[in-house]
Amino acid sequence: MVSRVIPVDTFDLVIFGGTGDLARRKILPGLFRRFCAGQIPSDARIIGAARGEMDNDAYREIVAEAVREFSGSHHCEDGTLEGFLEKLSYAHVDARGEDGWETLKQLMSRDGRIEAFYFSVAPGLFGDIAKRLHAHGMVSPTCRVVVEKPFGRDLQSARELNQTLAQHFDESQIYRIDHYLGKETVQNLMAVRFGNVLFEPLWNSQYIDHIQITVAETVGVGGRGEYYDRSGAMRDMVQNHLMQLLCLIAMEPPAKFDPDAVRDEKLKVIRALEPVMPHHVVRGQYMAGEDEDAHPDYRTAVGDPRSKTESFIAMKVNLANWRWAGTPFYLRTGKRMSARSSEIAVVFKPLPHTIFEDVEHGTNRNVLAIQLQPNEGITMDVTIKEPGPGGMRLIDVPLDMTFAEALGPEVEDPPDAYERLIMDVIRGNQTLFMRGDEVEAAWAWTDPIIAGWEARGDVPKPYESGGSGPVEADQLMARDGLIWREITQKRRRM
Ligand code: NAD
(Lines give C-alpha, C1' and ligand atoms only; values in the text may rest on other atoms or scores of the structure.)
Protein backbone atom coordinates (compact mmCIF):
# COMPACT_ATOMS: atom_id res chain seq x y z
CA MET A 1 0.00 0.00 0.00
CA VAL A 2 1.44 3.35 -0.98
CA SER A 3 0.69 6.37 1.18
CA ARG A 4 -0.86 9.19 -0.75
CA VAL A 5 0.90 12.52 -0.84
CA ILE A 6 -1.58 15.23 -1.68
CA PRO A 7 0.21 18.41 -2.76
CA VAL A 8 -0.92 21.52 -0.96
CA ASP A 9 -1.89 24.76 -2.71
CA THR A 10 0.98 27.09 -3.38
CA PHE A 11 2.13 29.34 -0.57
CA ASP A 12 4.55 31.87 0.81
CA LEU A 13 5.78 30.88 4.25
CA VAL A 14 7.70 33.46 6.28
CA ILE A 15 9.64 32.00 9.20
CA PHE A 16 10.39 34.68 11.79
CA GLY A 17 13.35 33.31 13.71
CA GLY A 18 14.43 31.54 10.51
CA THR A 19 18.01 31.23 11.78
CA GLY A 20 17.07 29.97 15.25
CA ASP A 21 17.42 26.54 16.80
CA LEU A 22 13.85 25.44 16.18
CA ALA A 23 13.88 26.54 12.54
CA ARG A 24 17.18 24.75 11.90
CA ARG A 25 16.35 21.54 13.78
CA LYS A 26 12.68 21.07 12.96
CA ILE A 27 10.92 23.52 10.66
CA LEU A 28 13.32 23.68 7.72
CA PRO A 29 14.32 19.98 7.72
CA GLY A 30 10.60 19.16 7.96
CA LEU A 31 9.84 21.34 4.94
CA PHE A 32 12.70 19.68 3.08
CA ARG A 33 11.24 16.24 3.75
CA ARG A 34 7.86 17.40 2.45
CA PHE A 35 9.67 18.78 -0.60
CA CYS A 36 11.31 15.37 -1.15
CA ALA A 37 7.87 13.75 -0.82
CA GLY A 38 6.56 15.99 -3.62
CA GLN A 39 4.07 17.80 -1.42
CA ILE A 40 5.37 21.31 -1.94
CA PRO A 41 4.29 23.05 -5.15
CA SER A 42 7.05 24.12 -7.50
CA ASP A 43 6.34 27.83 -7.09
CA ALA A 44 5.96 27.82 -3.27
CA ARG A 45 8.37 30.11 -1.42
CA ILE A 46 9.96 30.07 2.01
CA ILE A 47 11.36 33.26 3.46
CA GLY A 48 13.61 33.18 6.52
CA ALA A 49 13.33 36.39 8.55
CA ALA A 50 15.59 37.11 11.49
CA ARG A 51 17.75 39.69 13.17
CA GLY A 52 21.12 38.83 11.63
CA GLU A 53 22.31 40.51 8.42
CA MET A 54 23.08 38.13 5.55
CA ASP A 55 22.27 37.57 1.89
CA ASN A 56 20.24 34.74 0.38
CA ASP A 57 23.31 32.61 -0.36
CA ALA A 58 24.55 32.78 3.22
CA TYR A 59 21.08 31.82 4.46
CA ARG A 60 20.83 28.93 2.02
CA GLU A 61 24.17 27.68 3.32
CA ILE A 62 22.83 27.72 6.92
CA VAL A 63 19.72 25.86 5.80
CA ALA A 64 21.71 23.34 3.74
CA GLU A 65 23.79 22.52 6.81
CA ALA A 66 20.69 22.17 8.98
CA VAL A 67 18.98 19.92 6.44
CA ARG A 68 22.05 17.68 6.15
CA GLU A 69 22.25 17.37 9.91
CA PHE A 70 18.60 17.07 10.88
CA SER A 71 16.52 15.70 8.02
CA GLY A 72 16.96 12.08 9.07
CA SER A 73 17.00 9.40 6.43
CA HIS A 74 16.37 11.77 3.55
CA HIS A 75 19.49 12.01 1.48
CA CYS A 76 20.47 15.16 -0.28
CA GLU A 77 21.23 13.60 -3.64
CA ASP A 78 20.55 14.38 -7.27
CA GLY A 79 20.09 18.09 -6.80
CA THR A 80 17.13 17.66 -4.44
CA LEU A 81 18.64 19.88 -1.82
CA GLU A 82 19.54 22.47 -4.44
CA GLY A 83 15.93 22.41 -5.68
CA PHE A 84 14.73 23.04 -2.13
CA LEU A 85 17.24 25.82 -1.50
CA GLU A 86 16.03 27.67 -4.60
CA LYS A 87 12.72 28.21 -2.81
CA LEU A 88 14.44 30.05 0.00
CA SER A 89 15.21 33.67 0.50
CA TYR A 90 16.17 35.74 3.49
CA ALA A 91 15.05 39.03 4.98
CA HIS A 92 16.85 40.83 7.78
CA VAL A 93 14.02 42.07 9.97
CA ASP A 94 14.01 43.71 13.36
CA ALA A 95 10.87 42.74 15.25
CA ARG A 96 11.31 45.67 17.60
CA GLY A 97 12.14 48.28 14.97
CA GLU A 98 11.35 49.35 11.43
CA ASP A 99 14.33 47.72 9.74
CA GLY A 100 13.58 45.29 6.97
CA TRP A 101 9.80 45.24 6.88
CA GLU A 102 9.35 46.85 3.47
CA THR A 103 12.02 44.53 2.03
CA LEU A 104 10.13 41.56 3.45
CA LYS A 105 6.95 42.81 1.86
CA GLN A 106 8.67 43.09 -1.53
CA LEU A 107 9.91 39.51 -1.19
CA MET A 108 6.41 38.15 -0.79
CA SER A 109 4.62 37.08 -3.97
CA ARG A 110 1.32 38.81 -3.10
CA ASP A 111 -0.52 37.08 -5.93
CA GLY A 112 -3.44 35.71 -3.89
CA ARG A 113 -1.63 32.59 -2.77
CA ILE A 114 -1.71 31.25 0.81
CA GLU A 115 0.42 33.31 3.17
CA ALA A 116 1.64 31.92 6.47
CA PHE A 117 3.80 33.57 9.12
CA TYR A 118 5.59 31.25 11.52
CA PHE A 119 6.50 33.04 14.77
CA SER A 120 9.51 30.91 15.75
CA VAL A 121 10.76 33.58 18.14
CA ALA A 122 10.44 34.34 21.84
CA PRO A 123 6.77 34.96 22.77
CA GLY A 124 7.75 38.48 23.88
CA LEU A 125 8.11 39.30 20.17
CA PHE A 126 4.72 37.99 19.00
CA GLY A 127 3.01 41.30 19.60
CA ASP A 128 5.75 43.34 17.92
CA ILE A 129 5.74 41.15 14.83
CA ALA A 130 1.94 41.05 14.59
CA LYS A 131 1.77 44.84 14.92
CA ARG A 132 4.39 45.44 12.22
CA LEU A 133 2.90 42.91 9.81
CA HIS A 134 -0.32 44.83 10.20
CA ALA A 135 1.26 48.27 9.90
CA HIS A 136 3.06 47.26 6.71
CA GLY A 137 -0.08 45.90 5.09
CA MET A 138 0.92 42.24 5.15
CA VAL A 139 -2.04 40.95 7.13
CA SER A 140 -4.85 39.68 4.90
CA PRO A 141 -8.09 38.02 6.03
CA THR A 142 -6.81 34.66 4.81
CA CYS A 143 -3.22 34.71 6.07
CA ARG A 144 -2.21 32.39 8.91
CA VAL A 145 0.08 32.73 11.91
CA VAL A 146 1.78 29.88 13.67
CA VAL A 147 2.88 30.37 17.26
CA GLU A 148 5.16 28.20 19.34
CA LYS A 149 5.11 27.22 22.96
CA PRO A 150 5.41 28.45 25.62
CA PHE A 151 2.00 30.06 25.26
CA GLY A 152 2.17 32.10 28.42
CA ARG A 153 3.45 31.12 31.86
CA ASP A 154 0.09 31.45 33.62
CA LEU A 155 -3.52 32.33 32.85
CA GLN A 156 -2.88 36.06 32.95
CA SER A 157 0.02 36.03 30.47
CA ALA A 158 -1.75 33.54 28.17
CA ARG A 159 -4.78 35.85 28.12
CA GLU A 160 -2.57 38.79 27.26
CA LEU A 161 -0.94 36.85 24.41
CA ASN A 162 -4.35 35.82 23.10
CA GLN A 163 -5.55 39.41 23.28
CA THR A 164 -2.44 40.67 21.50
CA LEU A 165 -2.88 38.20 18.65
CA ALA A 166 -6.63 38.87 18.53
CA GLN A 167 -5.95 42.55 17.80
CA HIS A 168 -4.53 41.55 14.42
CA PHE A 169 -5.84 38.09 13.58
CA ASP A 170 -9.09 36.19 13.82
CA GLU A 171 -8.98 32.96 15.90
CA SER A 172 -9.45 31.01 12.65
CA GLN A 173 -6.07 32.37 11.49
CA ILE A 174 -4.08 31.40 14.61
CA TYR A 175 -2.30 28.04 14.78
CA ARG A 176 -0.91 27.34 18.28
CA ILE A 177 1.47 24.42 17.91
CA ASP A 178 1.74 21.53 20.30
CA HIS A 179 3.93 19.17 18.34
CA TYR A 180 2.67 16.16 20.31
CA LEU A 181 -0.60 16.52 18.41
CA GLY A 182 1.23 16.14 15.10
CA LYS A 183 2.53 12.69 15.91
CA GLU A 184 1.28 9.89 13.70
CA THR A 185 0.35 7.75 16.69
CA VAL A 186 -1.65 10.49 18.39
CA GLN A 187 -3.81 10.72 15.32
CA ASN A 188 -3.92 6.96 15.12
CA LEU A 189 -5.27 6.97 18.65
CA MET A 190 -8.28 8.94 17.39
CA ALA A 191 -8.63 6.56 14.42
CA VAL A 192 -8.52 3.54 16.75
CA ARG A 193 -11.03 5.06 19.17
CA PHE A 194 -13.49 6.54 16.72
CA GLY A 195 -12.97 4.35 13.64
CA ASN A 196 -13.69 0.99 15.28
CA VAL A 197 -16.71 -0.32 17.08
CA LEU A 198 -14.54 -2.37 19.45
CA PHE A 199 -13.08 0.26 21.74
CA GLU A 200 -15.61 2.97 22.38
CA PRO A 201 -18.10 0.79 24.30
CA LEU A 202 -15.27 -0.10 26.72
CA TRP A 203 -13.83 3.39 26.91
CA ASN A 204 -15.12 4.40 30.33
CA SER A 205 -14.72 3.86 34.04
CA GLN A 206 -16.70 0.63 33.93
CA TYR A 207 -13.95 -1.13 31.96
CA ILE A 208 -10.86 1.03 32.31
CA ASP A 209 -9.05 0.77 35.62
CA HIS A 210 -6.67 3.66 35.16
CA ILE A 211 -4.60 5.48 32.57
CA GLN A 212 -0.90 6.31 32.77
CA ILE A 213 0.68 9.03 30.68
CA THR A 214 4.47 9.18 30.86
CA VAL A 215 6.84 11.53 29.08
CA ALA A 216 10.37 10.68 30.18
CA GLU A 217 13.55 12.31 28.92
CA THR A 218 17.12 11.19 29.51
CA VAL A 219 18.53 14.67 29.04
CA GLY A 220 18.86 17.24 31.80
CA VAL A 221 18.19 20.95 31.38
CA GLY A 222 21.37 21.34 29.31
CA GLY A 223 21.98 24.86 28.10
CA ARG A 224 18.36 25.89 28.78
CA GLY A 225 18.89 26.00 32.56
CA GLU A 226 17.92 29.61 33.09
CA TYR A 227 14.75 29.34 30.99
CA TYR A 228 13.80 25.98 32.46
CA ASP A 229 14.22 27.08 36.06
CA ARG A 230 11.60 29.78 35.51
CA SER A 231 9.22 27.22 34.14
CA GLY A 232 9.64 23.67 35.50
CA ALA A 233 8.03 20.41 34.43
CA MET A 234 4.49 21.58 35.21
CA ARG A 235 4.62 24.57 32.90
CA ASP A 236 7.00 23.09 30.34
CA MET A 237 5.35 19.68 29.88
CA VAL A 238 2.15 19.07 31.87
CA GLN A 239 0.16 22.21 31.04
CA ASN A 240 0.57 21.59 27.32
CA HIS A 241 1.78 18.18 26.08
CA LEU A 242 0.44 15.91 28.81
CA MET A 243 -2.85 17.74 29.02
CA GLN A 244 -3.32 17.54 25.27
CA LEU A 245 -2.73 13.79 25.38
CA LEU A 246 -5.14 13.46 28.30
CA CYS A 247 -7.77 15.38 26.32
CA LEU A 248 -7.52 13.10 23.30
CA ILE A 249 -7.81 10.00 25.48
CA ALA A 250 -10.67 11.31 27.58
CA MET A 251 -12.77 13.37 25.19
CA GLU A 252 -16.24 12.39 24.03
CA PRO A 253 -16.55 11.42 20.37
CA PRO A 254 -16.90 14.69 18.46
CA ALA A 255 -19.88 14.92 16.09
CA LYS A 256 -17.43 15.13 13.20
CA PHE A 257 -13.71 15.33 12.65
CA ASP A 258 -13.59 19.07 12.25
CA PRO A 259 -11.45 21.58 14.11
CA ASP A 260 -14.06 23.15 16.34
CA ALA A 261 -15.96 19.93 17.02
CA VAL A 262 -12.73 18.26 18.22
CA ARG A 263 -11.55 21.26 20.18
CA ASP A 264 -14.93 21.76 21.85
CA GLU A 265 -14.68 18.21 23.21
CA LYS A 266 -11.11 18.71 24.39
CA LEU A 267 -12.13 21.89 26.17
CA LYS A 268 -14.88 20.02 28.03
CA VAL A 269 -12.27 17.56 29.32
CA ILE A 270 -10.08 20.34 30.69
CA ARG A 271 -13.08 21.93 32.36
CA ALA A 272 -13.99 18.60 33.96
CA LEU A 273 -10.58 18.25 35.64
CA GLU A 274 -10.93 18.23 39.40
CA PRO A 275 -8.62 20.42 41.48
CA VAL A 276 -5.60 18.34 42.46
CA MET A 277 -5.03 17.45 46.12
CA PRO A 278 -1.52 18.37 47.33
CA HIS A 279 -0.85 14.75 48.34
CA HIS A 280 -1.65 13.64 44.80
CA VAL A 281 1.37 15.48 43.41
CA VAL A 282 5.05 14.54 43.70
CA ARG A 283 7.70 16.93 42.50
CA GLY A 284 11.35 16.02 42.06
CA GLN A 285 14.74 17.39 41.15
CA TYR A 286 17.42 15.16 39.65
CA MET A 287 20.67 14.47 41.47
CA ALA A 288 24.07 14.37 39.79
CA GLY A 289 24.95 11.48 37.50
CA GLU A 290 28.02 9.30 38.04
CA ASP A 291 30.12 11.75 36.09
CA GLU A 292 29.26 14.91 38.00
CA ASP A 293 30.99 17.21 35.54
CA ALA A 294 29.08 15.88 32.57
CA HIS A 295 25.82 15.41 34.49
CA PRO A 296 25.57 17.89 37.35
CA ASP A 297 22.58 17.89 39.66
CA TYR A 298 19.59 20.06 38.78
CA ARG A 299 20.46 23.01 41.03
CA THR A 300 24.02 23.17 39.74
CA ALA A 301 22.77 22.89 36.17
CA VAL A 302 20.46 25.88 36.58
CA GLY A 303 22.96 27.83 38.68
CA ASP A 304 20.68 28.27 41.70
CA PRO A 305 21.58 26.24 44.81
CA ARG A 306 18.18 27.00 46.34
CA SER A 307 16.01 26.41 43.30
CA LYS A 308 12.59 24.94 44.11
CA THR A 309 11.66 24.27 40.49
CA GLU A 310 10.72 20.70 39.62
CA SER A 311 12.43 18.68 36.87
CA PHE A 312 10.03 15.81 37.57
CA ILE A 313 6.38 15.66 38.38
CA ALA A 314 3.97 12.80 38.99
CA MET A 315 0.33 13.38 39.72
CA LYS A 316 -2.99 11.68 40.11
CA VAL A 317 -5.73 13.46 38.26
CA ASN A 318 -9.47 12.87 38.30
CA LEU A 319 -12.13 13.90 35.85
CA ALA A 320 -15.54 14.82 37.18
CA ASN A 321 -17.84 13.51 34.47
CA TRP A 322 -20.00 10.45 33.86
CA ARG A 323 -17.50 8.68 31.64
CA TRP A 324 -14.47 8.93 33.89
CA ALA A 325 -15.61 9.30 37.51
CA GLY A 326 -13.68 6.58 39.36
CA THR A 327 -10.91 6.11 36.76
CA PRO A 328 -7.79 8.02 37.77
CA PHE A 329 -5.27 9.36 35.31
CA TYR A 330 -1.65 9.23 36.45
CA LEU A 331 0.64 11.72 34.75
CA ARG A 332 4.40 11.58 35.00
CA THR A 333 7.17 13.50 33.29
CA GLY A 334 10.80 14.13 34.12
CA LYS A 335 14.29 14.84 32.97
CA ARG A 336 17.36 12.61 33.48
CA MET A 337 15.21 9.48 33.59
CA SER A 338 16.30 5.96 32.66
CA ALA A 339 15.07 6.12 29.06
CA ARG A 340 13.56 8.50 26.57
CA SER A 341 10.03 7.34 26.28
CA SER A 342 6.57 8.82 25.87
CA GLU A 343 3.74 6.44 26.40
CA ILE A 344 0.04 6.43 27.12
CA ALA A 345 -1.12 3.19 28.74
CA VAL A 346 -4.81 2.44 29.04
CA VAL A 347 -5.04 -0.28 31.67
CA PHE A 348 -8.32 -2.20 31.57
CA LYS A 349 -9.93 -3.73 34.62
CA PRO A 350 -9.24 -7.33 35.52
CA LEU A 351 -11.74 -10.00 34.55
CA PRO A 352 -14.69 -10.18 36.93
CA HIS A 353 -14.12 -13.93 37.18
CA THR A 354 -11.61 -16.29 35.64
CA ILE A 355 -12.46 -19.82 34.55
CA PHE A 356 -8.81 -20.82 34.23
CA GLU A 357 -6.90 -22.37 37.07
CA ASP A 358 -3.41 -21.45 36.01
CA VAL A 359 -3.43 -17.69 35.72
CA GLU A 360 0.03 -17.23 37.16
CA HIS A 361 1.60 -16.31 33.87
CA GLY A 362 -1.20 -14.22 32.51
CA THR A 363 -2.40 -11.16 34.36
CA ASN A 364 -5.70 -11.20 32.48
CA ARG A 365 -5.37 -7.48 32.11
CA ASN A 366 -5.63 -5.87 28.75
CA VAL A 367 -3.40 -2.88 28.28
CA LEU A 368 -3.56 -0.61 25.26
CA ALA A 369 -0.13 1.03 25.06
CA ILE A 370 0.42 3.96 22.76
CA GLN A 371 4.11 4.69 22.34
CA LEU A 372 4.81 8.19 21.05
CA GLN A 373 8.58 8.35 21.17
CA PRO A 374 11.20 7.48 20.35
CA ASN A 375 9.40 4.84 18.28
CA GLU A 376 5.77 5.36 17.48
CA GLY A 377 3.45 2.40 17.75
CA ILE A 378 0.33 0.95 19.36
CA THR A 379 0.13 -2.43 21.06
CA MET A 380 -2.65 -4.19 22.90
CA ASP A 381 -1.65 -6.70 25.55
CA VAL A 382 -3.97 -9.67 25.26
CA THR A 383 -4.03 -12.89 27.21
CA ILE A 384 -3.74 -16.06 25.11
CA LYS A 385 -2.97 -19.71 25.63
CA GLU A 386 0.71 -20.47 25.66
CA PRO A 387 1.31 -22.58 22.57
CA GLY A 388 2.17 -26.25 23.08
CA PRO A 389 0.78 -29.37 24.66
CA GLY A 390 1.36 -28.36 28.29
CA GLY A 391 -2.28 -27.79 29.18
CA MET A 392 -4.14 -24.53 29.50
CA ARG A 393 -1.41 -22.09 30.49
CA LEU A 394 -2.00 -18.41 29.84
CA ILE A 395 0.41 -15.72 28.76
CA ASP A 396 0.08 -12.03 27.94
CA VAL A 397 1.37 -11.04 24.52
CA PRO A 398 1.37 -7.66 22.81
CA LEU A 399 -0.77 -7.48 19.71
CA ASP A 400 0.94 -5.06 17.35
CA MET A 401 -1.67 -2.66 16.06
CA THR A 402 0.52 -0.70 13.69
CA PHE A 403 0.37 -3.32 10.99
CA ALA A 404 3.69 -2.77 9.26
CA GLU A 405 3.14 -5.80 7.05
CA ALA A 406 -0.24 -4.64 5.86
CA LEU A 407 0.74 -1.03 5.34
CA GLY A 408 4.17 -1.44 3.81
CA PRO A 409 7.62 -0.01 4.50
CA GLU A 410 6.65 3.66 4.34
CA VAL A 411 5.02 3.43 7.77
CA GLU A 412 8.51 2.87 9.16
CA ASP A 413 9.42 6.45 8.40
CA PRO A 414 6.31 8.50 9.14
CA PRO A 415 6.44 12.27 8.73
CA ASP A 416 7.77 14.15 11.73
CA ALA A 417 5.12 16.03 13.73
CA TYR A 418 6.33 19.40 12.42
CA GLU A 419 6.03 18.27 8.80
CA ARG A 420 2.42 17.29 9.25
CA LEU A 421 1.52 20.37 11.25
CA ILE A 422 3.09 22.83 8.81
CA MET A 423 1.23 21.17 5.94
CA ASP A 424 -1.97 21.45 8.00
CA VAL A 425 -1.35 25.19 8.36
CA ILE A 426 -1.07 25.51 4.59
CA ARG A 427 -4.21 23.39 4.14
CA GLY A 428 -5.99 25.61 6.68
CA ASN A 429 -6.85 22.73 9.00
CA GLN A 430 -6.77 23.73 12.69
CA THR A 431 -7.86 20.37 14.16
CA LEU A 432 -4.43 19.56 15.57
CA PHE A 433 -3.78 23.04 16.97
CA MET A 434 -4.80 24.45 20.33
CA ARG A 435 -7.58 27.00 20.45
CA GLY A 436 -7.14 30.08 22.65
CA ASP A 437 -9.84 29.03 25.13
CA GLU A 438 -8.26 25.57 25.51
CA VAL A 439 -4.92 27.08 26.45
CA GLU A 440 -6.55 29.43 28.93
CA ALA A 441 -8.59 26.62 30.50
CA ALA A 442 -5.41 24.55 30.90
CA TRP A 443 -3.70 27.42 32.71
CA ALA A 444 -6.79 28.02 34.85
CA TRP A 445 -6.42 24.45 36.12
CA THR A 446 -2.62 24.60 36.47
CA ASP A 447 -2.27 27.99 38.18
CA PRO A 448 -3.76 27.04 41.59
CA ILE A 449 -1.55 23.93 41.77
CA ILE A 450 1.57 26.03 41.25
CA ALA A 451 0.28 28.74 43.61
CA GLY A 452 -0.23 26.04 46.26
CA TRP A 453 3.44 24.97 46.06
CA GLU A 454 4.56 28.55 46.31
CA ALA A 455 2.31 29.25 49.30
CA ARG A 456 3.49 26.10 51.12
CA GLY A 457 7.16 26.59 50.18
CA ASP A 458 7.07 23.10 48.68
CA VAL A 459 10.54 21.70 47.96
CA PRO A 460 10.96 19.02 45.25
CA LYS A 461 12.28 15.61 46.33
CA PRO A 462 15.69 14.58 45.05
CA TYR A 463 15.77 11.63 42.64
CA GLU A 464 18.51 9.57 41.12
CA SER A 465 19.77 10.51 37.69
CA GLY A 466 18.98 7.74 35.25
CA GLY A 467 16.20 6.33 37.45
CA SER A 468 12.43 6.53 37.40
CA GLY A 469 11.87 9.51 39.70
CA PRO A 470 11.54 9.97 43.46
CA VAL A 471 10.40 7.05 45.58
CA GLU A 472 7.40 9.17 46.59
CA ALA A 473 6.11 8.82 43.02
CA ASP A 474 6.05 5.05 43.47
CA GLN A 475 4.28 5.52 46.80
CA LEU A 476 1.63 7.64 45.09
CA MET A 477 0.77 4.60 42.96
CA ALA A 478 1.28 2.07 45.76
CA ARG A 479 -1.39 3.80 47.85
CA ASP A 480 -3.84 2.84 45.09
CA GLY A 481 -2.39 -0.69 44.80
CA LEU A 482 -0.71 0.13 41.47
CA ILE A 483 2.74 0.39 39.97
CA TRP A 484 4.06 2.62 37.23
CA ARG A 485 4.81 1.01 33.91
CA GLU A 486 8.47 0.48 33.26
CA ILE A 487 10.09 3.34 31.40
CA THR A 488 11.59 1.64 28.40
CA GLN A 489 12.70 2.55 24.96
CA LYS A 490 11.48 -0.75 23.58
CA ARG A 491 11.53 -0.79 19.81
CA ARG A 492 8.06 -1.29 18.53
CA ARG A 493 7.53 -2.13 14.92
CA MET A 494 5.75 0.45 12.84
P1 NAD B 1 16.64 30.87 19.17
O2 NAD B 1 17.10 31.79 20.24
O3 NAD B 1 17.53 29.78 18.72
O4 NAD B 1 16.29 31.75 17.87
C5 NAD B 1 15.60 32.95 17.96
C6 NAD B 1 15.41 33.54 16.57
O7 NAD B 1 14.72 34.76 16.72
C8 NAD B 1 16.69 33.85 15.81
O9 NAD B 1 16.52 33.55 14.44
C10 NAD B 1 16.84 35.38 15.99
O11 NAD B 1 17.52 36.01 14.93
C12 NAD B 1 15.39 35.77 16.00
N13 NAD B 1 15.22 37.05 16.69
C14 NAD B 1 15.54 37.35 17.99
N15 NAD B 1 15.26 38.64 18.24
C16 NAD B 1 14.76 39.17 17.09
C17 NAD B 1 14.30 40.46 16.72
N18 NAD B 1 14.29 41.50 17.56
N19 NAD B 1 13.85 40.62 15.46
C20 NAD B 1 13.85 39.60 14.58
N21 NAD B 1 14.28 38.37 14.88
C22 NAD B 1 14.73 38.16 16.12
O23 NAD B 1 15.22 30.32 19.64
P24 NAD B 1 14.53 28.93 19.26
O25 NAD B 1 15.08 27.88 20.15
O26 NAD B 1 14.59 28.72 17.80
O27 NAD B 1 13.03 29.17 19.76
C28 NAD B 1 12.11 29.97 19.05
C29 NAD B 1 10.73 29.85 19.71
O30 NAD B 1 10.30 28.50 19.65
C31 NAD B 1 10.71 30.21 21.20
O32 NAD B 1 9.46 30.75 21.51
C33 NAD B 1 10.86 28.86 21.89
O34 NAD B 1 10.30 28.87 23.17
C35 NAD B 1 10.04 28.00 20.95
N36 NAD B 1 10.38 26.58 20.99
C37 NAD B 1 11.65 26.17 20.72
C38 NAD B 1 11.95 24.82 20.73
C39 NAD B 1 13.34 24.33 20.39
O40 NAD B 1 13.52 23.11 20.38
N41 NAD B 1 14.29 25.18 20.12
C42 NAD B 1 10.95 23.89 21.04
C43 NAD B 1 9.66 24.33 21.30
C44 NAD B 1 9.39 25.69 21.26
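The values are calculated or read from the model by the stated rules, or taken from the named source; none is laboratory data. Worth saying up front: this structure is predicted, and the values here are computed from it rather than measured. Note: ideal-geometry Cβ built from the backbone for every residue, glycine included; neighbour counts use all protein chains shown. Keep in mind that these areas ignore ligands, DNA and RNA; they rest on the heavy atoms of the full protein, side chains included. Shrake-Rupley method; radii C 1.70, N 1.55, O 1.52, S 1.80 Å.
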Failed condition for Asn375, given (1) touching a Ser or Thr at 6+ places or on another chain (Cβ under 8 Å); (2) closer than 21 Å to Met190 by Cβ; (3) at pLDDT below 95: (1)
Just to be sure, is Lys266 under 24 Å from the mean Cα position of the chain (by Cα), of a type in the set (Lys, Arg) and open to solvent by less than 20 Å² (accessible area, probe 1.4 Å)? yes
Out of curiosity, is Ile62 surrounded by 18 or more Cβ atoms within 10 Å (Cβ to Cβ), of a type in the set (A, V, I, L, M, F, W, C) and within 16 Å of the ligand (Cβ to nearest atom)? yes
Among the strands (runs of 3 or more DSSP E) lying completely within the stretch 367-473, list those that include at least 2 residues that are of a type in the set (Phe, Trp, Tyr). none
Out of the residues in the stretch 1-56 that are more than 9 Å from the ligand (Cβ to nearest atom), of a type in the set (S, T, N, Q) and within 20 Å of Met108 (Cβ to Cβ), which is least open to solvent (accessible area, probe 1.4 Å)? Thr10
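So that you can scan it fast, the table gives a plain yes or no per residue for (1) among the acidic types (Asp, Glu); (2) part of a strand (DSSP E or B); (3) open to solvent by 10 Å² or more (accessible area, probe 1.4 Å); (4) modelled with pLDDT of 95 or more:
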| site | (1), (2), (3), (4) |
| --- | --- |
| Arg271 | no, no, yes, yes |
| Val282 | no, yes, yes, yes |
| Asp291 | yes, no, yes, no |
| Arg323 | no, no, yes, yes |
All positions within the stretch 111-129 that are away from the ligand (no atom under 13 Å from the Cβ) and touching a residue at least 24 places away in the same chain (Cβ under 8 Å): Arg113, Ile114, Glu115, Ala116
When you check Ser157 against the structure, is it open to solvent by less than 60 Å² (accessible area, probe 1.4 Å), part of a loop (DSSP other than H, G, I, E, B) and of a type in the set (S, T, N, Q), yes or no? no
Quick one: which of Glu98, Glu77, Glu86 is modelled with pLDDT of 95 or more and open to solvent by 40 Å² or more (accessible area, probe 1.4 Å)? Glu86
Conditions (1) closer than 28 Å to Gly137 by Cβ; (2) more than 13 Å from the ligand (Cβ to nearest atom); (3) open to solvent by 60 Å² or more (accessible area, probe 1.4 Å); number of the one not met by Lys105: (3)
Among the candidates Ser311, Ser338, single out the residue that is under 21 Å from the mean Cα position of the chain (by Cα), open to solvent by 40 Å² or more (accessible area, probe 1.4 Å), of a type in the set (Ser, Thr, Tyr) and over 30 Å from Asn204 (Cβ atoms). Ser338
Could you say which residue among Glu386, Glu410, Glu360 is surrounded by fewer than 16 Cβ atoms within 10 Å (Cβ to Cβ), under 30 Å from Ala261 (Cβ atoms) and modelled with pLDDT under 90? Glu410
Note on the stretch 314-335: residues under 21 Å from the mean Cα position of the chain (by Cα) and over 10 Å from Tyr286 (Cα atoms) are Ala314, Met315, Lys316, Val317, Phe329, Tyr330, Leu331, Arg332, Thr333
Considering only the stretch 69-102, state which residues are free of Cβ contacts under 8 Å to residues at least 12 places away in the same chain, more than 18 Å from Tyr59 (Cβ to Cβ) and more than 16 Å from the ligand (Cβ to nearest atom). His75, Glu77, Asp78, Gly79
